[in-house]
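The values are calculated or read from the model by the stated rules, or taken from the named source; none is laboratory data. Everything numeric here is computed off the predicted structure, so don't read it as measured data. Reconstructed Cβ throughout: ideal geometry from the backbone, glycine too, with neighbour counts over all protein chains shown.
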Amino acid sequence: MVESVTDSAPPDRSGTEPIVRLRNVVKRFGDQTVLTGVNLDVYPGETMVIMGGSGSGKSTMLRTMIGTHTADEGSVELFGQNICQLEEEGLNEVRKKFGILFQSGALFNSMTIGENVALPLREHTDLDDEIIDIQVKIKLELVGLRADAHKYPAQISGGMKKRAGLARALALDPKILFYDEPSAGLDPVTSAQIDQLIIALTRQLGVTSIVVTHEMDSAFTIADRMAMLDRGMMLCLEERSWFENLRDMPASEAEQLNESKRLVRQFLRGDAEGPLAARRDEASYSEDLFGMTMDRVTRTPSVQPTRG
């Protein structure tokens, strides 16, 4: 755990039971260990952002939390139940209590937007068609797509597909929403709109949001707390203000940080130079191929984030 760099006090969560709890979670695929002893508590009503570089294990962590992958060691508790010990029937009952926005939206192309949103209601409830139609209109209104219910996925933009996927994730009134790279593939304006939608839904509906992303603009916009994975391990888990202070720290102070903090800072800022770059340079391509060294490409300063 990276030690704190701020004196600001976090919200008092004493007496509040986590709605999601991971304890010493290990996940392997063959000989490769992807998650190593991961611990995480997520509390009701908060937005937790999980971030990390490519291959850090964040997507595997998400899939383990929703039961797509089963942890090889440790426990994954949702709503007080260890889903690692549940049979498929019990796991499906837990799944009705959360919704998932997949990276692509994952809409059925042969169904209209309204039919996509209605599908969970038709599959998992005994509601009459009239009630389902009302529920579909309510969910689509929440994401600003009520007038587009008749359209097919091929007829709408990427951002609208994300919003439609979110409406479907809301169909069963979940207590938890999982987001897998909600801003991926979107232009900056649409990405900002999705961020504001996540914030609005969290506040209006009181849902707990768990967002996997490497988009730092989005992360700092929506997060209450942030967790960073590195090589399958939980590197740090802190309030958003902790990460903001680390990101904005003067360069002269940052030089005095230990390697873990400098690694986190480099990721947050998108700097070309730092521990992550040095790690990748340890075994260069040319040395691996020919046993020889070549001049490194000169790195230029990173562009500053456009959104605060």
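Test PHE102 against the criterion of being touching a strand residue (DSSP E or B) at 6+ places or on another chain (Cβ under 6 Å) and at pLDDT below 90, and give yes or no.
The answer is yes for PHE102.
Considering the stretch 88-102 alone, what residues qualify as being surrounded by fewer than 17 Cβ atoms within 10 Å (Cβ to Cβ), out of contact with any helix residue (DSSP H, G or I) (no Cβ under 8 Å at 6 or more places or on another chain) and touching a residue at least 12 places away in the same chain (Cβ under 8 Å)?
Matches in the stretch 88-102: LYS97 only.
Say we look at the stretch 131-151 and pick out the residues that are small (Gly, Ala, Ser) and exposed (fewer than 15 other Cβ atoms within 10 Å of the Cβ); which of these is farthest from LEU172 (Cα to Cα)?
Filtering the stretch 131-151 for residues that are small (Gly, Ala, Ser) and exposed (fewer than 15 other Cβ atoms within 10 Å of the Cβ), the one farthest from LEU172 (Cα to Cα) comes out as ALA147.
Can you tell me which of (1) touching a helix residue (DSSP H, G or I) at 6+ places or on another chain (Cβ under 7 Å); (2) modelled with pLDDT of 95 or more is the one TRP242 doesn't meet?
Of everything listed in (1) touching a helix residue (DSSP H, G or I) at 6+ places or on another chain (Cβ under 7 Å); (2) modelled with pLDDT of 95 or more, TRP242 misses just condition (1).
Select from the stretch 162-185 the residues that are within 17 Å of the chain's Cα centre (by Cα) and charged (D, E, K, R) and list them in ascending order.
Of everything in the stretch 162-185, those that are within 17 Å of the chain's Cα centre (by Cα) and charged (D, E, K, R) turn out to be LYS162, ARG163, LYS175, ASP180, GLU181.
Please work out which one of (1) at positive phi; (2) among the hydrophobic types (A, V, I, L, M, F, W, C); (3) not in a loop (DSSP other than H, G, I, E, B) is the condition ILE100 fails and give its number.
That leaves (1) as the condition not met.
Scan the stretch 221-248 for residues that are more than 28 Å from LYS27 (Cα to Cα) and either in contact with a Lys or Arg (Cβ under 7 Å, 6 or more places away or on another chain) or without any contact (Cβ under 8 Å) to a residue 60 or more places away in the chain (or both) and jot them down.
Listed by number, the residues that qualify are THR221, GLU244, LEU246, ARG247, ASP248.
Could you tell me whether ILE131 is of a type outside the set (Phe, Trp, Tyr), at pLDDT 90 or above and farther than 29 Å from TYR43 by Cα?
So ILE131 fits the description; yes.
Could you check the stretch 23-39 and list, in sequence order, the residues that are surrounded by 13 or more Cβ atoms within 10 Å (Cβ to Cβ), among the hydrophobic types (A, V, I, L, M, F, W, C) and either more than 18 Å from the chain's Cα centre (by Cα) or in a loop (DSSP other than H, G, I, E, B) (or both)?
Passing the criteria: only VAL26.
Would you mind stating whether ARG122 is out of contact with any strand residue (DSSP E or B) (no Cβ under 6 Å at 6 or more places or on another chain), modelled with pLDDT under 95, over 27 Å from GLU215 (Cβ atoms) and not in a loop (DSSP other than H, G, I, E, B)?
Here the answer is yes, as ARG122 does meet what is asked.
Take the stretch 114-128 and flag every residue that is among the β-branched types (Val, Ile, Thr) and over 10 Å from LYS96 (Cβ atoms). So that I can check it myself, show each step before the final result.
Within the stretch 114-128, the first condition is being among the β-branched types (Val, Ile, Thr), and the residues that meet it are 117, 125.
The one that is among the β-branched types (Val, Ile, Thr) and over 10 Å from LYS96 (Cβ atoms): VAL117.
Quick check on this structure: which one of GLY159, GLY206 is out of contact with any Asp or Glu (no Cβ under 7 Å at 6 or more places or on another chain), in contact (Cβ under 8 Å) with a residue 40 or more places away in the chain and not charged (D, E, K, R)?
From the options GLY159, GLY206, the qualifying one is GLY206.
Does any residue in the stretch 174-187 that is acidic (Asp, Glu) come within less than 7 Å, Cβ to Cβ, of a residue that is part of a strand (DSSP E or B) and buried (at least 17 other Cβ atoms within 10 Å of the Cβ) six or more places away or on a different chain, and which pairs are these?
ASP180/LEU101; ASP180/VAL212; GLU181/VAL212
Tally up the residues in the stretch 106-156 that are without any contact (Cβ under 8 Å) to a residue 12 or more places away in the chain, of a type outside the set (Lys, Arg) and closer than 21 Å to LEU205 by Cα, please.
Qualifying residue count, the stretch 106-156: 4.
For the list (1) of a type in the set (D, E, K, R); (2) at pLDDT 95 or above; (3) not in a strand (DSSP E or B), I need the number of the one condition that GLU89 fails.
Evaluating GLU89 over (1) of a type in the set (D, E, K, R); (2) at pLDDT 95 or above; (3) not in a strand (DSSP E or B) leaves (2) as the failure.
Failed condition for LEU289, given (1) at pLDDT below 90; (2) assigned to a helix (DSSP H, G or I); (3) under 30 Å from ALA169 (Cα atoms), with all others met?
All conditions are met except number (3).
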